[in-house]
Amino acid sequence: MNKDDLIVITGAGGFIAGALVKYFQEKGFSNIRAVDKKPLPEWYQRHPGVESLSLDLSEKENCWRVVEGAAEVYNLAADMGGMGFIEKFRVECLRSILINTHLIEASYWAGVDRYFFSSSACAYNTELQEDPNVRALKESDAYPAMAERGYGWEKLMSEIFCQEYWAERGLKTFMPRFHNVYGPFGTWDGGREKAPAALCRKVIQAKATGSGEIELWGDGKQTRSFMYIDDCSQGIDRIMHCDDLIATPINLGSSQLVSINELVDIIEQIADVKLKRSYKLDAPRGVAGRNSDNTFIKKILGWEPNTPLREGMEKTYHWIDQQYADRKAGKRTIS
Ligand code: NAD
């Protein structure tokens, strides 16, 4: 890649793609086109010097327009959120297939060199995730397929698109399966937020109101691993530029497994507070356990996401705390 080759990043008004734009800008890339369907004032991050377009990429014409002249396309646009969103709005999640379907076709005809699709650990067979003491998921565990309803099936099907565009048409495609990403500039309120941000907000709220209580979704014993945003950006770059990973699903996630109760312990330590916990057992909770088996990524890249959870949560907590204060003061915030 030359530093002035055009990079197109979709979903750039959201969390991960917004961070990716910043990552490439800081690496010296000067020709970045950022696209999101949200109106520009609602983007989580805007970066001066980046061409920012507000366009709905489920429309074919818009996809053809945005990839014109691109060397690389990173598709991170999707209608998604935490468990509260993906269990309730399965149709919206499934409809994201339109984005990838049009964008990959347009990229092929535009002569794009490399195409990236952000897949998810929700593509894995849910029957392997029924125990909190879960065996970490390796790449082959997606098949036989029994993905998360709606969201997971869209990811699995779009992965297959990516694989066949390589097999049949020679387009170099890349498709890591992200495991729960968290960090500053992620959604923290409003219904689409994920567990780390939602729990930070609840702790901050409990401190601010003096309630002394926190409500958790599920029994708190469900387990997950959480990847810090900087590891995610770096992993995307490493995977996209590794020819051994063309058309190959690969885990991109942390392998530090914690229960939701343990995650709350960490946030309480950061916030210097101890709260009484109640458990909402009928709330969306997702699978019982999920972790990332990083054997493959370590073998191929000699690297894995490695920011300690405590360190990443510290930064995330303080950022949300500031957002909370800003909102209270009537200032603009992202959620
Ligand atoms: P996000 O919701 O913050 O960002 C997604 C962006 O896509 C949003 O800004 C949204 O407006 C945009 N978008 C939705 N529909 C669009 C359309 N039709 N046209 C143009 N833009 C559209 O989510 P995120 O956390 O940044 O996730 C980015 C990608 O990573 C998604 O594909 C998501 O499925 C995947 N992923 C994320 C996680 C995670 O933990 N955050 C985990 C696994 C996979």
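The values are calculated or read from the model by the stated rules, or taken from the named source; none is laboratory data. This structure is a prediction, so every number in the text was calculated from the model and none was measured. Methodologically, a virtual Cβ is constructed for each residue, glycine included, from the backbone with ideal geometry; neighbour enumeration extends over all protein chains shown. With ligands, DNA and RNA removed, areas are computed over all heavy atoms of the protein, side chains included. Shrake-Rupley method; radii C 1.70, N 1.55, O 1.52, S 1.80 Å.
Some observations on this one:
- Selection of region 188-210 for residues being more than 16 Å from the ligand (Cβ to nearest atom) and either of a type in the set (Lys, Arg) or in contact (Cβ under 8 Å) with a residue 24 or more places away in the chain (or both) yields LYS202, VAL203, ILE204, GLN205, ALA206, LYS207, ALA208.
- Residue check for LEU156: open to solvent by less than 20 Å² (accessible area, probe 1.4 Å), under 16 Å from LEU257 (Cβ atoms) and hydrophobic (A, V, I, L, M, F, W, C): no
- Pairs meeting the criteria (first residue in region 165-186 and open to solvent by less than 30 Å² (accessible area, probe 1.4 Å), second residue acidic (Asp, Glu), beta carbons under 8 Å, at least 6 apart or on different chains) are MET175/GLU159; ARG177/GLU139; GLY183/ASP230; GLY186/GLU193.
- Residue in region 126-143 that is under 26 Å from ILE334 (Cα atoms), open to solvent by 70 Å² or more (accessible area, probe 1.4 Å) and aliphatic (A, V, I, L, M) present: no
- Check on SER58, within 21 Å of CYS162 (Cβ to Cβ), open to solvent by less than 20 Å² (accessible area, probe 1.4 Å) and hydroxyl-bearing (Ser, Thr, Tyr): no
- Selected residue (criterion: farthest from the ligand (Cβ to nearest atom)) from residues of region 98-119 that are touching a Lys or Arg at 6+ places or on another chain (Cβ under 7 Å) and open to solvent by 10 Å² or more (accessible area, probe 1.4 Å): ASP113
- Verdict on ILE229 being open to solvent by less than 20 Å² (accessible area, probe 1.4 Å), within 10 Å of the ligand (Cβ to nearest atom) and β-branched (Val, Ile, Thr): yes
- All positions within region 302-335 that are in contact with a Lys or Arg (Cβ under 8 Å, 6 or more places away or on another chain), loosely packed, with under 15 Cβ neighbours inside 10 Å and closer than 22 Å to GLU42 by Cβ: ASP326
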